[in-house]
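Structure record follows, encoded as structure tokens.
The values are calculated or read from the model by the stated rules, or taken from the named source; none is laboratory data. None of the values given here were measured: they were computed from a predicted structure. Heads up, the Cβs are rebuilt from the backbone with ideal geometry, glycines too, and the neighbour counts pull from every protein chain shown. For accessibility, only protein heavy atoms count, side chains too; no ligands or nucleic acids. Shrake-Rupley method; radii C 1.70, N 1.55, O 1.52, S 1.80 Å.
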Amino acid sequence: MKIMKFGGTSVGTPNRMKEVTKLVTKPEEPVFVVLSAMSGTTNSLVEVSNYLYKKNPEGANEVINQLERKYMQHVEELYSTDEMKQQTREFLLSEMNYLRSFTKELFTSFEEKNIVAQGEMMSSNMIVNYMKEQGVKAVLLNALDFMRTDKNAEPDPIYIKEKLTSIMEKNEGYQVYVTQGFICRNAYGEIDNLQRGGSDYTASLIGAALNAEEIQIWTDIDGMHNNDPRVVDKTEPVHQLHFEEAAELAYFGAKILHPTCVQPAKYAGIPVRLLNTMQPDAEGTTISNKTEYGKIKAVAAKDNIIAVKIKSSRMLLATGFLRKVFEIFESYQTPIDMVCTSEVGVSMSIDNSAHLGEIVDELKKYGTVTVDTSMCVVCVVGDLDWLNIGFETQVLEAMQTIPVRMISYGGSNYNISFLIREEDKKRALQALSDTLFNHH
């Protein structure tokens, strides 16, 4: 069985929903479909929540009314039979009335997650109704019946596998199984969400639970590109990536995929394919545990980075110095991206400035602290094992005219990272593309 996940833009209009139906009914074997909310819906539901937090039920009702008008118009465009139009209208009206019920009671964060979850509920119901109207043997499975997180807010894979396996056994013989992405229940049975990676995470968890043949992530771009197409000319899709390479690219700025969401697939050894709903015949990107040896794959960049340098003569031969420094960042729950050390100092980069002032104050106990803001991490990804002689030279050659604040190499076999000024980002990315990919 293949898992097929479709994002908000892929189901963003009635026409797109029809195209998705064509894609999922094409394979001969049964498929399991994971759906996001229609594009724009989650933002509207968050806006409803914001009005309710501010004790403004009139504002919330106005947004709900706009959403109702939009969805009722979609019903007219999506369905051809009066019976299915009426059935879907009744369902959507019950959803809107449910949302309105929150305007009459005390509002909490639990209610907010419940409100936001309704976007996926509406899109999945609408598509299953359309499939049934088209004669497709489809069934809707409620994600809240099997998708759960534990007390650490992490997915509970054993629970998910047991519940989902049981549900699938009770629903044998369907052509298309449909569920909602992103939403789940927490360890206390409350409606919650998977946060990081959202619907992609749902698809990966389901794929691992069902031991799927493949997990397909359908978006509006034809896979991961070898550089940022918004910044650089002549980028191309990367056809094959190792899970580690994809995680590096996702962490350092490739927005098409969240680094966390493919972990269940990686551990289960299930390939993940990134495909384009606008160009369904395009090859896209396949992510698996296979490595293409001796090849540089792609470049990514991460903005809004801060460099923190602490210089101390006391560091010389001092045991425990780095531990004290790292504990300060840990106490403020601020992850460190890059680290470079010397005999008298250590430089680190972070992407969260929420507690920068407190961190700097504490670091001053141990040395002189310098902070550089408006920085950018540029990451070159591929099979960059140190035995591949000359790869680092190619990368450095491309960066020869760019001022570099820090370099990180050797922490992973899959990347070389540079810390540069944000103002030099475009020039650096273009130079790397010209040297590494376009030189021929």
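From the helices alone, meaning DSSP H stretches of at least four residues, give me the mean residue ellipticity at 222 nm for the chain, per-run term -39500 (n - 2.57), in deg cm²/dmol to the nearest 500. Could the numbers behind the result be given before it?
Values: 13 runs with 171 residues, N = 440.
Calculated mean residue ellipticity at 222 nm is -12500 deg cm²/dmol.
Taking 25 °C and 0.890 mPa s as the conditions, I'd like the Stokes-Einstein D for segment 341-440 in µm²/s, using the Kirkwood hydrodynamic radius from alpha carbon pairs.
On the way: Rh = 15.4 Å.
In µm²/s, the coefficient is 160.
Report, to two decimal places, the Cα Rg of the chain normalised by 2.2 N^0.38 Å (N = number of residues). Present the calculation step by step, with values, prior to reporting the outcome.
Details: Rg = 24.4 Å, N = 440, 2.2 N^0.38 = 22.2 Å.
The chain yields a ratio of 1.10.
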Using a Gaussian network model of the chain with C-alpha springs under 10 Å, which one of His355, His225, His258 is most mobile by mean-square fluctuation? His355
With a 10 Å cut-off between alpha carbons and a GNM built on the chain, which of Thr88, Thr285, Thr108 moves the most? Thr108
Any idea what the relative contact order of segment 1-123 is, in percent, if you count C-alpha pairs under 8 Å spaced at least 6 apart? 30
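Using 0.36 nm times the number of residues separating Tyr188 and Glu283, minus their current alpha carbon distance, what extension gain do you get?
Working: separation 95, 0.36 × 95 = 34.20 nm, distance 4.23 nm.
Working it through step by step, the gained length comes to 30.0 nm.
Before I look further, what does segment 350-440 give for accessible area per residue, probe 1.4 Å, in whole square angstrom?
Numbers: 4600 Å² over 91 residues.
The answer is 51 Å² per residue.
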Skipping prolines and chain starts, which residues have an amide H placed within reach, meaning under 5 Å, of the one on Ile217, given they are 5 or more residues away or on another chain? Lys5, Arg273, Leu274, Leu275
Between helix 41-53 and the chain: long-axis angle, C-alpha atoms, 0 to 90°, nearest 10: 90
Share of the chain's accessible area from carbon and sulfur, percent, 1.4 Å? 48
Relative contact order %, the chain, counting alpha carbon pairs below 8 Å whose residues are six or more apart: 13
Share (percent) of C-alpha pair distances in segment 269-426 greater than 19 Å works out to 63
Do any GluC sites (Glu not before Pro) in segment 150-216 lie in a DSSP loop with no more than 13 other beta carbon atoms within 10 Å, and if so, which? Glu172, Glu190, Glu213
Give the relative contact order (percent, whole number) for segment 290-440; include only Cα pairs under 8 Å separated by 6+ residues. 30
Cα Rg, Dmax (largest Cα-Cα span) when computed across segment 237-302, Å: 11.6, 32
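Tell me, which longest segment in the chain has none of the trypsin sites (Lys or Arg not before Pro) that fall in DSSP loops with at most 14 further Cβ atoms within 10 Å?
56-136
When a/c reaches 1.5 or more, the comparison of a/b and b/c decides; with that in mind, is segment 326-399 rounded, prolate or oblate per its Cα gyration tensor?
Details: a/c = 2.49, a/b = 2.14, b/c = 1.16.
It is prolate, given that a/c is not under 1.5 and a/b is the larger ratio.
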Measuring from the longest principal axis of the C-alpha atoms of the chain, the long axis of helix 82-101 (C-alpha) lies at a number of degrees, nearest 10, equal to 60
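If I take R0 = 25 Å and measure r between the Cβ atoms of Glu327 and Ser353 in this structure, what FRET efficiency does the formula 1/(1 + (r/R0)^6) give, to the nearest 0.05? Don't jump to the answer; show the numbers that get you there.
Working: r = 19 Å, r/R0 = 0.77.
Step by step, r from the Cβ atoms, then E = 0.85.
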If only Cα atoms are counted, what is the Rg of segment 203-271, and what is its Dmax, in Å? 12.7, 41
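So which chymotrypsin sites (Phe, Trp or Tyr not before Pro) in segment 128-192 are both in a DSSP loop and have at most 11 other Cβ atoms within 10 Å of their Cβ? Please report the intermediate quantities before stating the final value.
Working: sites: Tyr130, Phe146, Tyr159, Tyr174, Tyr177, Phe182, Tyr188; in loops: Phe146, Tyr174, Phe182, Tyr188.
Taking segment 128-192 and a limit of 11 other Cβ atoms within 10 Å, the loop chymotrypsin sites (Phe, Trp or Tyr not before Pro) found are Tyr188.
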Lys295's amide H: which non-local residues (gap 5+, or another chain) put their own amide H closer than 5 Å, with H modeled 1.01 Å from N in plane and none for Pro or chain starts? Asp383
Förster-model FRET efficiency, 25 Å R0, Glu343 and Val404, C-beta, rounded to 0.05: 0.75
Rounded, prolate or oblate: which fits segment 59-164, taking a ≥ b ≥ c as square roots of the Cα gyration tensor eigenvalues, rounded meaning a/c under 1.5, else prolate when a/b beats b/c? oblate
What whole-number value in Å² describes the accessible area per residue of segment 208-321 for a 1.4 Å probe? 45
Which loop GluC sites (Glu not before Pro) in segment 1-66, with loop taken from DSSP, have no more than 15 other Cβ atoms within 10 angstrom of their Cβ? Glu28
Rolling a 1.4 angstrom probe over the protein heavy atoms, how many square angstrom per residue are accessible across segment 83-166? 47
For the chain, modelled as a Gaussian network with Cα springs under 10 Å, which listed residue fluctuates most, Gly198, Gly12, Gly411? Gly411
Can you give the angle from 0 to 90° between the axis of helix 321-331 and the longest principal axis of the chain, with both taken from C-alpha atoms, to the nearest 10? 20
The chain: antiparallel DSSP beta bridges as a percent of all, rounded to 5: 60
